[in-house]
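Novice: For reference, the structure I am asking about is given below.
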Amino acid sequence: MECRAHGYWSHALLVTLISSAVIFLLVAFNHCSSPISIPAPSASAATVELLRLADSVLLSPPPMPIARSPQSLAYNASLLDGHTIHSEGTHRQKNKKKKSYGDDGTVEEELAMARAAIRRAASRRANVSSVPAHGEDVPLLSTIYRNPTAFFRSYMEMERRFRVYVYEEGEPPLVHEGPCKNIYTTEGRFIEEMEITRPDSGGRRRLRTWDPARAHAFFLPFSVTNMVHFIHRPSPYDHTTLKRFVADYVDVIASKHPFWNRSAGTDHFMLSCHDWGPHASRANPTLYTNSIRALCNANTSEGFDPRKDVSIPEINLYTGHVPRQLLPPRLPGLSSRPYLAFFAGGLHGRIRHLLLRHWKGRDAGLPVHEYLPHGLDYYSFMLRSRFCLCPSGYEVASPRVVEAIYAECVPVIISKSYVLPFSDVLRWESFSVSVAVEDIPRLKQVLEGVSMAELSRLREGVQAAKRHFMLNQPAKRFDVFHMILHSVWLRRLNIKLV
């Protein structure tokens, strides 16, 4: 299925783009506004915040009210933990505000009811074997969730209440459309799923609203990948044209609609799987500092803030579909996997350099290749391996993580400063192994130290977690599309507009 979506250029945006194109042809662009610099949390600090988040599901203590003000806000404490969100120079509006009505009252009243329901569920912390909803029982493995009762109550509250408004400004291919085949598949498929939603398409699509007064969150549907493809200047590491477009787009949204200025962008989100997604977000200081950025490149050392940003999985579908080798009714069991671990990939970045230097061609039971010899099949190696090595490349995210999950091969995460996708609710330690970069020389010893009983538990976790990383057309409950939205929903729950 091709990714198709429709939108309309606003007059202001069209004028802006034409002006930018003329400048592009005549002279070099000037840099856009300098981004606000915020301290990046360390990797260990980010992990601690996420673990604390898991216990409270973002909701303890209650969220700090944010005055509706066009002035910039700065997060001075952990949004994930629900601690104080401090705003400089903001103030409570004195004028009476128009109410925004949802199914059960105002938007903020709905969120308050959802928070209360999730807190009650979080306090129970019971093991869950299935969750009934919409007439179906969903089988669960509770050990892969940090707090299963809290997560499934939160998910059901999201299905019941959460509404996203998608801005209609802009036109394909830069807006409302993205790549649905290749390493940026997650970006294109998410945009597509939001765009094909129509008012008459039934209950499955109720997450999108055409009434912005009912919206809890607002999606900026531009594609950084398509910008790189269609308007990027042929100069390495020059992000000027991308930043110019994003800055102009946000300016149009802010001038045409009241919602951006009302919340200082805190209830708005963007999504990108391109390595340059974080750079594009710097085009607007408020977008970078306040808004929710859903990114594959979730690198805390480069400004990713897990207190407000969302880590999303990098999924590489060459044809737009999961490879047929990874879709048999039953994939090989552990007894049919003779290899301890497997990796094949280019020499991208320091971590892979270390891995290949120590293990390339060194052990027949642990095949590590820079590139597979002609005639060998990549997926057949994954299906015959107990562990699949997932080292970071030039950027922290790797599509091998999801490929390993699809192959029911236990992922081995080798990275620094990487916030794993959906780690606000998933216990990655229950279905993956993390190996420090410093331990690469001891890789075989570390993996052989995992007992068969523990390996069986890890693989069972992989099988249970797989549903959360599947791309379905149309989207299905608990799949990657809905898990991304759930991560956005959790962060929106920690913002209260007053």
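Novice: Mind checking which residues of the stretch 235-266 are open to solvent by less than 20 Å² (accessible area, probe 1.4 Å) and over 20 Å from ALA217 (Cβ atoms)?
Specialist: THR240, THR241, LEU242, PHE245, ALA247
Novice: Another one. All but one of (1) open to solvent by less than 10 Å² (accessible area, probe 1.4 Å); (2) under 23 Å from LEU485 (Cβ atoms) hold for GLU314; which doesn't?
Specialist: (1)
Yes/no per residue for (1) more than 22 Å from LEU347 (Cα to Cα); (2) touching a Cys at 6+ places or on another chain (Cβ under 6 Å):
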{"site": "SER392", "(1), (2)": "no, no"}
{"site": "ILE413", "(1), (2)": "no, yes"}
{"site": "PRO421", "(1), (2)": "yes, no"}
{"site": "GLU429", "(1), (2)": "yes, no"}
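Novice: Show the residue pairs meeting these rules: Cβ distance below 8 Å; 6+ apart or different chains; first residue within the stretch 186-214 and modelled with pLDDT of 90 or more; second residue surrounded by 15 or more Cβ atoms within 10 Å (Cβ to Cβ) and of a type in the set (Asp, Glu).
Specialist: Pairs found: THR186/GLU314; GLY188/GLU177; ILE191/GLU177; GLU192/GLU177; GLU195/GLU177; LEU207/GLU159.
Novice: Here is a further query. Residue check, ILE191 against (1) touching a helix residue (DSSP H, G or I) at 6+ places or on another chain (Cβ under 8 Å); (2) β-branched (Val, Ile, Thr); (3) under 25 Å from VAL402 (Cα atoms); (4) open to solvent by less than 20 Å² (accessible area, probe 1.4 Å), all met but one. Which one?
Specialist: Failed condition: (1).
Novice: Further question on the same structure: Would you check which residues across the stretch 317-329 are over 17 Å from PHE481 (Cα atoms) and open to solvent by 10 Å² or more (accessible area, probe 1.4 Å) and list them?
Specialist: Hits for the stretch 317-329 are TYR318, THR319, PRO323, ARG324, GLN325, LEU327, PRO328, PRO329.
Novice: Looking only at the stretch 465-477, count every residue that is modelled with pLDDT of 95 or more and open to solvent by less than 10 Å² (accessible area, probe 1.4 Å) and tell me the total.
Specialist: Within the stretch 465-477, residues that are modelled with pLDDT of 95 or more and open to solvent by less than 10 Å² (accessible area, probe 1.4 Å) number 3.
Novice: What single numbered condition from (1) under 24 Å from ASN182 (Cβ atoms); (2) in contact with a strand residue (DSSP E or B) (Cβ under 6 Å, 6 or more places away or on another chain); (3) surrounded by fewer than 22 Cβ atoms within 10 Å (Cβ to Cβ) fails to hold for ASP377?
Specialist: Only one criterion in (1) under 24 Å from ASN182 (Cβ atoms); (2) in contact with a strand residue (DSSP E or B) (Cβ under 6 Å, 6 or more places away or on another chain); (3) surrounded by fewer than 22 Cβ atoms within 10 Å (Cβ to Cβ) is unmet by ASP377, namely (2).
Novice: Could I ask something else about it? With (1) surrounded by 23 or more Cβ atoms within 10 Å (Cβ to Cβ); (2) on the phi > 0 side of the Ramachandran plot as the list, and CYS296 as the residue in question, which single condition is left unmet?
Specialist: Going through (1) surrounded by 23 or more Cβ atoms within 10 Å (Cβ to Cβ); (2) on the phi > 0 side of the Ramachandran plot one by one, CYS296 breaks only (2).
Novice: Within the stretch 439-459, identify whether any single residue is under 15 Å from PHE343 (Cβ atoms), of a type in the set (Lys, Arg) and either free of Cβ contacts under 8 Å to residues at least 40 places away in the same chain or surrounded by 15 or more Cβ atoms within 10 Å (Cβ to Cβ) (or both), and answer yes or no.
Specialist: Yes: one or more hits.
Novice: Which condition number in (1) in contact with a Phe, Trp or Tyr (Cβ under 7 Å, 6 or more places away or on another chain); (2) open to solvent by 10 Å² or more (accessible area, probe 1.4 Å); (3) among the aromatic types (Phe, Trp, Tyr) is the one that PHE269 fails?
Specialist: The failed condition is (2).
Novice: Okay, moving on. Consider only pairs whose beta carbons are under 7 Å apart and that are at least six residues apart or on different chains; among these, list those whose first residue lies in the stretch 359-378 and is under 21 Å from VAL437 (Cβ atoms) and hydrophobic (A, V, I, L, M, F, W, C) and whose second residue is open to solvent by 50 Å² or more (accessible area, probe 1.4 Å) and not in a loop (DSSP other than H, G, I, E, B).
Specialist: That search, which allows pairs on different chains as well, returns LEU366/LYS444.
Novice: Now for a different question. Quick check on this structure: which one of VAL401, VAL412 is more than 13 Å from the chain's Cα centre (by Cα) and closer than 20 Å to ARG324 by Cα?
Specialist: After ruling out the rest, the residue left standing is VAL401.
Novice: Now for a separate question. Among the residues of the stretch 280-293, which ones are of a type outside the set (Ser, Thr, Tyr), part of a helix (DSSP H, G or I) and crowded, with 23+ Cβ neighbours inside 10 Å?
Specialist: Going residue by residue through the stretch 280-293, those that are of a type outside the set (Ser, Thr, Tyr) are 280, 282-285, 287, 290, 292-293.
Within this subset, residues satisfying the condition of being part of a helix (DSSP H, G or I) are 280, 285, 287.
Passing the criteria: ALA280, LEU287.
The values are calculated or read from the model by the stated rules, or taken from the named source; none is laboratory data. These figures come from a predicted structure and were not determined experimentally. Using ideal geometry, Cβ is built from the backbone for each residue, glycine included, and neighbour counts are taken over all protein chains shown. Each accessible area value is taken on the protein alone, full model and side chains, heavy atoms only, with ligands, DNA and RNA left out. Shrake-Rupley method; radii C 1.70, N 1.55, O 1.52, S 1.80 Å.
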